[in-house]
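In what follows, a single structure is set out as C-alpha cells and then discussed.
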Amino acid sequence: MLTEEEKKEVEEELRKNERKKAAAVEALKVVQRHRGWVSQDDIDELSEALDMTPDELDAVATFYSLIFRKPVGRHVILICDSVSCWIMEYERMLQHLTSRLGIRPGETTSDGRFTLLPVACLGACDRAPAMMVGETLYTDLAPEKIDEILDKYK
Amino acid sequence: MDKPLTGAMRSDGQALSLKEYEDAGGYSALRKALKGMTPHEVLEEVKKSNLRGRGGAGFPTGLKWSFMPMGADVARPKYLVCNADEMEPGTFKDRLLLEGNPHLLLEGMVLSGFALDADIAYIFLRWEYRVAAERLERAIEEAYQSNYLGKNILGSGYSLDMRLHVSAGRYICGEETALLNALEGKRAVPRSKPPHPQVSGLWGKPTVVNNAETYCNVPHIIGNGADWYKGLSRTDEGGTKLYGVSGRVKRPGAWELPMGTTMRELLEEHGGGMRDGYKFRGALPGGASTDFILEEHLDVRMDFESMQKTGSRMGTGTMIVLDDKTCPVGMVLNLQTFFARESCGWCTPCREGLPWIVKMLDAIERGEGGMEDLEILQQQTRLLGPGNTFCALAPGAMEPLQSALKYFKADFEKHIRERRCPYKGGV
Ligand SMILES: Cc1cc2nc3c(=O)[nH]c(=O)nc-3n(C[C@H](O)[C@H](O)[C@H](O)COP(=O)(O)O)c2cc1C
Ligand code: SF4
Ligand code: FES
C-alpha cells in the first residue's frame, strides 16, 4: 500500500502532466525514492492511478535501466562503462570496486549498503573515469579516491 | 572571439542567475522578437543563419521548422521539444549549457516556440543530470514569474507553457520518435517515419524536436542577426560549436569555438596534445556513432559538410581519442557492447546482430577468433547498415566498427595470429 505521502506525490505528478499515462515514469520514481525499488504491489496500485494495466506499466518500468524492479542497497553506485571511461581505466576501477565490496556488477552487498551497476556514459567523459553514488557525480576516479568516496556512505 | 553560448557563463561552475543573464543581455532577443517581428520573420532569420541541428545529424534547423503546419486551423496543441537526453558515449557538451546557463536554453525555446506558434514545450532530460535538473526546474519557475513563460508573454499575446521531463536511463530515448513515446508514458521504442514529428508528433500533434545546443543558438541569431551569426564561423555553416575532447590528452574538456575549427587545433591547442608517453592513433570525431578518423584527417575543418571528406561525420563534435597503448579491438568491443545493451529490441537485425558482433569481437579480443570472423564482421556492417533497421542506432553502431576493420586491420589480425591481445601486459 502506498503511504499518504507517496499518494500525494503521485497525485502531484498526475496534476503536472497532460495525460495520466504520461506521469508513469515520475510515478515510478516517487515510489522508488521512498522505497528504493518498485514491487509488484506498487505496480498494481500505481497502474490504477495511471489508468494503465499492470502489465503495461511493468513494460514501461522494466524498459528503463534506472527503475529498479528488485530491491537494491541503500546506496546505488552507477559506474560508467562507456568508451572514454574505458580508455581511462574503467576496468581497473571496476575491479577495485568489486574486490572492495565483495560483489559482482549487478549485486548488492550482504549488509545492504551498496548495489553496483555499470551504466552508459554519464556525460563526464572529460573527467573520466566517472561514477555516481546516489545522486552525486564523482569524476577523475582512482582506487584511493574510490575508497574515500565509499567511506562517506554508511 | 565571440562566444554566444558560453561567454557569459560564470567561472565557478554555478548557473547564471536570471538577473545575471538579463544583465548580460539575456531575454533581449525575446523582447525584440515579440515586439517587432512576426513568427515568420524569426523563422526566416534562423533559416538565413544556416544553423544546423547540434544533436548529431546536422539537419538544417530552419528547414525542419518550415515543415511545421502553421495557421489557425491546424491541430492543437502544437509542441516544441528539447532533446537533452545526451547519452551518446563521449558526449558531454549539452551538460555544460544546461548547468551553466539554463535561461539561455529557455530563451531559445520561447523564441523557437514563437516562430512555430507552439503551445507547450517539453525539456526531455536524462536522469543522471541531477544538477541540471535542479537548475532547469528553478529557471523555469523564474521564467514564469517574469512572464517569459506562461500566458501572454510580455504582453505579446503569445503564450507558452513549459515542463521538464526527467527520464530514467536508456540511450534510445534520445532518438526523437522514441523520445516522443517516452513522453507519452510508453516504452521508448522508435516510431516509423514518415509521418515526421512536425506532422504527427507528441499525441499525434505537430511537434518539433531539437537538441539543447541547437536552441541555445537561437537568441543570438535573433538578437544580432543572421549575418553576424554567420560571421562567427570559419565555414558556410553558421555560428560557433561546442567541441570536446576526451581520452589520453593533456587537457580533456569542451570549448566553444568557431564552427569549422580543425580537429588538429582542437586536439593540440585546446586539448593540450597527447599525454606524455602516448601517441595519437585515431579518434571518433563526434561520439560513439561516428567512423574513426586518422592523423592524416586532422587538418579537416569540423563542420557537417567538411567532415564528409574524412569518411566520418561531425556527429556531436565531441572527439574520443584512441592512443597507441589502447587496444582498438578492445575499444570497438566496448562500443558494440554499449550498443547491444542499449538496443531497444524492436527490429531483428539490431536485436540479434549486435549481440552476435559482441560475441565475435570478444572472442577475437581474448585470442579465440579466426580470420574468417573478420569477413563476417564486415558483412554485419552492411546488414546492420542504413536502410536495414528501424532506426539509426544500429547503423550508427556500425560506423566505428567498419572504420576500425579498415584502419586497424593489422591489429585484428595480430590478435587472431598471436591468439591474445597484444596490448595486454605480460611477456
Ligand atoms: C539512438 C539515437 C540516440 C540519439 N540521442 C540523442 C540525444 O541524446 N540528444 C540529441 O539531441 N539527439 C539525439 N539523437 C538525434 C535525434 O534523433 C534528433 O535527430 C535530434 O534530437 C534532432 O535535433 P537537432 O535537429 O537539433 O540536431 C539520437 C538519435 C539516435 C538514433
Ligand atoms: S535499430 Fe535497434 S534501437 Fe533502433 S529500432 Fe531497431 S532494435 Fe530498436
Ligand atoms: S564515457 Fe564515461 S562519462 Fe562519458
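The values are calculated or read from the model by the stated rules, or taken from the named source; none is laboratory data. Since this is a predicted model, take the numbers as computed values, not measurements. Cβ: placed from backbone, ideal geometry, glycine included. Neighbour counts: every protein chain shown.
A few notes on this one:
- Taken over the range A:117-154, the criterion of being among the charged types (D, E, K, R) and within 13 Å of the chain's Cα centre (by Cα) is satisfied by A:Glu135 alone.
- The set of residues in the range B:257-288 that are touching a residue at least 12 places away in the same chain (Cβ under 8 Å), away from every other protein chain (no Cβ under 14 Å) and within 19 Å of B:Arg313 (Cα to Cα) comprises B:Leu257, B:Pro258, B:Met259, B:Gly260, B:Thr261, B:Thr262, B:Met263, B:Arg264.
- Residues that are exposed (fewer than 15 other Cβ atoms within 10 Å of the Cβ), small (Gly, Ala, Ser) and within 24 Å of the chain's Cα centre (by Cα), drawn from the range B:12-47: B:Gly13
- Within the range A:39-81, the set of residues being away from every other protein chain (no Cβ under 11 Å), under 25 Å from A:Leu101 (Cβ atoms) and surrounded by 23 or more Cβ atoms within 10 Å (Cβ to Cβ) comprises A:Ile77, A:Ile79.
- Test result for B:Ala394, within 23 Å of A:Ile87 (Cα to Cα) and crowded, with 20+ Cβ neighbours inside 10 Å: yes
- The set of residues in the range B:200-220 that are assigned to a loop (DSSP other than H, G, I, E, B) and either within 15 Å of ligand 1 (Cβ to nearest atom) or closer than 12 Å to B:Leu98 by Cα (or both) contains only B:Gly201.
- For the range A:97-154, the strands (runs of 3 or more DSSP E) that sit wholly inside it and include 3 or more residues that are within 16 Å of ligand 3 (Cβ to nearest atom), over 21 Å from B:Ala84 (Cβ atoms) and in contact (Cβ under 8 Å) with a residue 12 or more places away in the chain are A:114-119.
- The one condition from (1) under 16 Å from B:Leu106 (Cβ atoms); (2) not in a helix (DSSP H, G or I) that B:Glu142 does not meet is (2).
- Test: B:Tyr243 is buried (at least 20 other Cβ atoms within 10 Å of the Cβ), within 16 Å of ligand 3 (Cβ to nearest atom), of a type outside the set (A, V, I, L, M) and closer than 21 Å to B:Asn101 by Cβ: yes
- Of all positions in the range B:106-120, at least one carries a residue that is at the interface with chain A (Cβ under 10 Å from one of its Cβ atoms) and under 27 Å from B:Gly36 (Cβ atoms).
- The residues of the range B:171-185 that are more than 10 Å from ligand 1 (Cβ to nearest atom) and either within 7 Å of another protein chain (Cβ to nearest Cβ) or among the small types (Gly, Ala, Ser) (or both), listed by number, are B:Ala182, B:Leu183, B:Glu184, B:Gly185.
- The criterion of at least 1 residues that are of a type in the set (Gly, Ala, Ser) and free of Cβ contacts under 8 Å to residues at least 40 places away in the same chain is met, among helices (runs of 4 or more DSSP H) falling completely within the range B:19-114, by B:28-36, B:61-66.
- Within the range A:109-125, considering residues that are surrounded by fewer than 20 Cβ atoms within 10 Å (Cβ to Cβ) and among the hydroxyl-bearing types (Ser, Thr, Tyr), the one nearest to the other protein chains (Cβ to nearest Cβ): A:Thr109
- Every listed requirement among (1) facing chain B (nearest Cβ under 9 Å); (2) surrounded by fewer than 16 Cβ atoms within 10 Å (Cβ to Cβ) is met by A:Arg15 save one, (1).
- Only one of A:Ala142, A:Ala130 that is away from ligand 1 (no atom under 16 Å from the Cβ) and surrounded by fewer than 14 Cβ atoms within 10 Å (Cβ to Cβ): A:Ala142
- Residue that is outside the structural domain of B:Gln336 (by TED's automatic domain parsing), in a strand (DSSP E or B) and at pLDDT 95 or above, where the choices are B:Gly282, B:Gly277, B:Gly315, B:Gly272: B:Gly282
- Failed item, numbered, when B:Gly185 is tested on (1) of a type outside the set (Asp, Glu); (2) closer than 20 Å to B:Arg163 by Cβ; (3) touching a Pro at 6+ places or on another chain (Cβ under 9 Å): (3)
- Residue within the range B:222-240 that is within 14 Å of chain A (Cβ to nearest Cβ), in a loop (DSSP other than H, G, I, E, B), of a type in the set (Gly, Ala, Ser) and crowded, with 23+ Cβ neighbours inside 10 Å present: no
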